[in-house]
Every structure is written in structure tokens, then in C-alpha cells.
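Here is the structure we will look at, set down as C-alpha cells.
The values are calculated or read from the model by the stated rules, or taken from the named source; none is laboratory data. As the structure is a prediction and not an experimental result, all values here were calculated from the model. Positions of Cβ are backbone-derived with ideal geometry, glycine not excepted, and every protein chain shown enters the neighbour counts.
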Amino acid sequence: MPNLLPDWLPWIQPAGRLIWSTLLLVVGVVIVMILMKPPLLKRPFPDRVGYALYVIVPIVAYVIAVLLPDDANLWDWELDAIIVDLVLVFWFVHTVLLVASRKPEPPDRKASWAACYLGAVGTFALMGLAYAVVPHEWMTYANGYLQWGDTGKFIFQSNQDMLFFPWHWPFNLDYPALRDIVVSGIYVVLLGLNVALFVKWQDRKKVVDAAPAEAATPAKRSRFGRPLRKGGRVATAGEGA
């Protein structure tokens, strides 16, 4: 079925689900990283305008798609797909900008039940994308379009020379093994990112104590390194011994 991606290159549509799931995961991770920092931008419009744009932009895009002439020279359905893609990209970028320009929260404010519930749902969605959807779509794309599921296809074999060197490879490497190496790398990278985000999120409100300021005028010392006293207190550099 159509996946709303233009057929500009032969691999784009077969990798459509992998592209969209990866894009959703990246947007979600970016939002989490922005939430761990103070607001980065100042919102130039009221909140209601920002929320209304989620509805206004798709309506305007639909009107534009209806008014465009139905001409075969306009890539048939691909033009409609491009318009839908632009709306989706706008939603992604607009959501990131709204999060980056949110109102600052007091550091001692406790999370509400609604915020905790939404956070749990968002975390579950991101982990589902990271550990289920993205690896699955990669395996589907590799087995289907790339045809990497055939155990009879080799990248190199043990009876072949190792690149430009005069000795042979010590083992065989077929395409199913390469497919599994890639999906294992996906899991390793996402697991490390998962742990790092958990640690950063727990420390997002931790206040770092400032180092104590040193005395503006150091105490005068004798030639033996002991502080000199005047009237029962340590004398400073601006006072006599």
C-alpha cells in the first residue's frame, strides 16, 4: 500500500516504514533531550495559536491539494503524497519548537498525575519504537527489498583473497549474518542511549553547588608561612602586621 513517500529513488518506498519509524524515534528522543533543559526559545505567539496550527495547516494543505489541477504531469498521486509529507514534517518540527519554547517551571514543582501518565505513555511508545518497530522494519526491509535473507549469498568466502592482501579470509560472511550484525548494532546503540537518557533525566533538576568564593584580600603570612595576627585576628594584606 502507499506509504506517502515519493518514488524518487527505487529504495525509498520499500523502506517507507523504516524511514517513518526512525523519524518518529529521532523526534521523540530530541523532545526528551529538550525537556531535560530549560526553555531554549521564546515563543513569539500565544499558546492557543500554536495549538491551532495543528489543525489550520492540514486544512490549508487540503485546500491546496483540491485546487491543484489533476494533471498527469504533476506526478499523479505523488504530489498529494508530498503535501501530506510536508504536513507531517511541519507537525514534527512544530512540536519540537513548542517544547523548546515552553514556559519555565519552578525547580521545586512536583509532577502531576497527568504529567506522570503522559510521560509513562511517551516512554512506552519510544521504547516500543526503539526495541520493536525499528529493528523489525529493518529486518523486513533487509529480507524483502535487499534480499539479505538468502544464505547462499556471500559478501566474501574463506577461499577468497582478503582485499589486496595475499592471504584468504579466515571465515565466510554471508548477507544474513550482515543483516543480523546491523540489527544487533541497532540494539546496542539504542540500549546505550536508553541508559544515558535515564541517567540524565534523573539528574535534570539537580542543582550544582557553586564553589565558595575565595577571600578578596588574602591574609598576610610570615616568612614561615603562618598567618600574621593583629588584635587577635588574622591580618589581611591591606593591614599592617
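Quick test for you: out of ALA72, ALA81, ALA61, pick the one residue that is small (Gly, Ala, Ser) and modelled with pLDDT of 85 or more. None of the others qualify; the one that does is ALA61.
Looking across the range 148-186 at every residue that is among the aliphatic types (A, V, I, L, M) and modelled with pLDDT of 85 or more, the one that is surrounded by the fewest Cβ atoms within 10 Å (Cβ to Cβ) is identified as ILE181. Residues that are more than 21 Å from PRO14 (Cα to Cα), basic (Lys, Arg) and assigned to a helix (DSSP H, G or I): does the range 186-208 have at least one? There is at least one residue in the range 186-208 that is more than 21 Å from PRO14 (Cα to Cα), basic (Lys, Arg) and assigned to a helix (DSSP H, G or I).
Return yes when ALA219 is modelled with pLDDT under 90, small (Gly, Ala, Ser) and over 30 Å from GLY119 (Cα atoms) and no when it is not. Yes: the conditions hold for ALA219.
Rundown of residues vs (1) more than 25 Å from the chain's Cα centre (by Cα); (2) under 30 Å from ARG204 (Cβ atoms), yes/no style:
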site	(1), (2)
PHE45	yes, yes
VAL49	yes, yes
ALA61	yes, no
ASP80	yes, no
VAL84	no, no
LEU97	no, yes
SER101	no, yes
LYS110	yes, yes
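The requirement of being in contact with a helix residue (DSSP H, G or I) (Cβ under 7 Å, 6 or more places away or on another chain), of a type in the set (A, V, I, L, M, F, W, C) and closer than 27 Å to TRP20 by Cα is fulfilled somewhere in the range 74-84, by at least one residue.
Of everything in the range 33-68 that is of a type in the set (Val, Ile, Thr) and without any contact (Cβ under 8 Å) to a residue 12 or more places away in the chain, the residue that is farthest from VAL199 (Cα to Cα) is VAL66. All of VAL32, VAL26 fail the test of being out of contact with any helix residue (DSSP H, G or I) (no Cβ under 8 Å at 6 or more places or on another chain) and at negative phi, apart from VAL26.
Residue-level check: of (1) buried (at least 16 other Cβ atoms within 10 Å of the Cβ); (2) among the aromatic types (Phe, Trp, Tyr); (3) under 30 Å from VAL30 (Cα atoms), TYR145 misses just (1). Taking the range 57-175 as the region of interest, the helices (runs of 4 or more DSSP H) fully inside it that hold 2 or more residues being over 30 Å from PHE45 (Cβ atoms) and among the aromatic types (Phe, Trp, Tyr) are 134-144.
Picking from residues in the range 95-147 that are under 21 Å from PRO39 (Cβ atoms) and of a type in the set (D, E, K, R), the one that is modelled with the highest pLDDT is ARG102.
If you filter the range 1-32 down to residues that are in contact with a Leu (Cβ under 9 Å, 6 or more places away or on another chain) and free of Cβ contacts under 8 Å to residues at least 60 places away in the same chain, you find that the one that is nearest to PHE92 (Cα to Cα) is TRP20.
Per-residue answers, yes or no, for (1) surrounded by 14 or more Cβ atoms within 10 Å (Cβ to Cβ); (2) outside any loop (DSSP other than H, G, I, E, B); (3) at pLDDT below 95:
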| position | (1), (2), (3) |
| --- | --- |
| PRO2 | no, no, yes |
| PRO6 | yes, no, yes |
| LEU9 | no, no, yes |
| GLN13 | yes, no, yes |
| ILE19 | yes, yes, yes |
| LEU25 | yes, yes, no |
| ILE34 | yes, yes, yes |
| LYS37 | no, no, yes |
| LEU40 | no, no, yes |
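Note on the range 175-209: residues that are closer than 22 Å to CYS116 by Cβ and touching a Pro at 6+ places or on another chain (Cβ under 6 Å) total 1.
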